[in-house]
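Each value in this text was obtained by applying a stated rule to the coordinates, not by laboratory testing. The model shown is predicted, which means the values in this text are computed figures rather than measured ones. Heads up, the Cβs are rebuilt from the backbone with ideal geometry, glycines too, and the neighbour counts pull from every protein chain shown.
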Amino acid sequence: MKIIRNVLIYFVLACVALLALAIIFQEKLIFRNTKLTMDYQFQFKSDFEEIWLEPEAGVRLNGLYFKTDSTHRKGLIIYFHGNADDLKRWGKYAEDFTKNNYDVLMFDYREFGKSTGTLSEKALHTDARYVYSWAKKRFPEDKIVVYGRSLGTGIATRLASENNPKMLLLETPYFSLIDVGESYFPMLPYNLLLRYKMRTDLCIQAVKCPIHLFHGTKDEVVPYQSSIKLAKLLNKKPSEILTTIPEGKHKNLGEFQAYHRALKRLL
């Protein structure tokens, strides 16, 4: 009995420790952002300009606007990037879209890169709405494509559910951050713990425009089944709205021709 009691005590203490870590270090576990000095000079192959967006007093979001050939321009991609690094890394992906005749607007979230302000789930969505309103002053909505990658898929989905863009494209999307957490440590009460719930599952059903997903079968961060579950929510066969990348992982879908062929077909 004493051995069983000691095991139970250690188990409870371990659970309490996990709970404490999840609460205290939540932002550090979810966000792996990096900072840039304000005088940092971006360098990319594509033609671009650096811009600043101010969603509210005291908050400045650093953005990059990549331009395609104006004679063949189809519209604008608003790109919501992942949970790590900054525009120094993400800017290179603009070429995937400019070569398909779309301008691209990317921006760093608060506390990423050169952007200022305090990060929160509310701020992520507030800033997304501001960026979309900025885009609508320059393009009609039927020329705007909302693209989310990893963390950005939840932001992009909610934004699309509140507006009428041409299309919503999601690369390695999650069902919710609660669902991602449960895939790692299913014993924790994520619905109570997480300040960032990012409920893609709740928002995606309200999206009125066409939706397409990209996911690799070997994704080690967001389970491939997340996309399968999202497709089911939409009452769609996965083959109808999901480009499956066999052997694709979380960060390397761009290395597969299947991704680029699907992107070209959609755009």
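Observations on the model:
- Unsatisfied cross-links (Cα-Cα over 20 Å) in the set LYS166/LYS249; LYS99/LYS236; LYS99/LYS166; LYS122/LYS251; LYS45/LYS88: LYS166/LYS249; LYS99/LYS236; LYS122/LYS251
- Euclidean distance between Cα centres, the range 209-267 to the range 141-187, Å: 12 Å
- Across the alpha-carbon atoms of the range 211-267, the computed radius of gyration and Dmax are 10.8, 30 angstrom.
- Two-site label geometry, GLU247 and PHE42: point separation in nm, points 7 Å out along Cα→Cβ: 3.3 nm
- Between helix 151-162 and the chain there is an angle of about 60 degrees, using the helix long axis and the longest principal axis of the Cα atoms.
- In the chain, the DSSP beta bridges split such that about 30 percent are antiparallel, to the nearest 5.
- Between HIS72, HIS250, HIS212, the residue with the greatest mean-square fluctuation in the GNM of the chain (Cα pairs under 10 Å linked by springs) is HIS72.
- Over the C-alpha atoms of the range 92-172, the Rg to Rh ratio, Rh being the Kirkwood estimate, stands at 0.94.
- Entry note: the range 113-236 has Rg to Rh equal to 0.98, where both radii use alpha-carbon atoms and Rh is the Kirkwood radius.
- Estimated from the Cβ-Cβ distance and a Förster radius of 51 angstrom, the FRET efficiency linking LYS236 and ARG60 is about 0.80.
- Cα convex hull volume per residue for the chain (Å³): 144 Å³
- Computed helical MRE - 222 nm, the chain, DSSP H runs ≥ 4 contributing -39500 (n - 2.57), nearest 500: -10500 deg cm²/dmol
- Computed across the range 50-127, the Kirkwood radius stands at 13.0 Å (inverse of mean 1/r, all Cα pairs).
- Neighbour net charge for CYS203 - beta-carbon separation under 15 angstrom, K R +1, D E -1: +3
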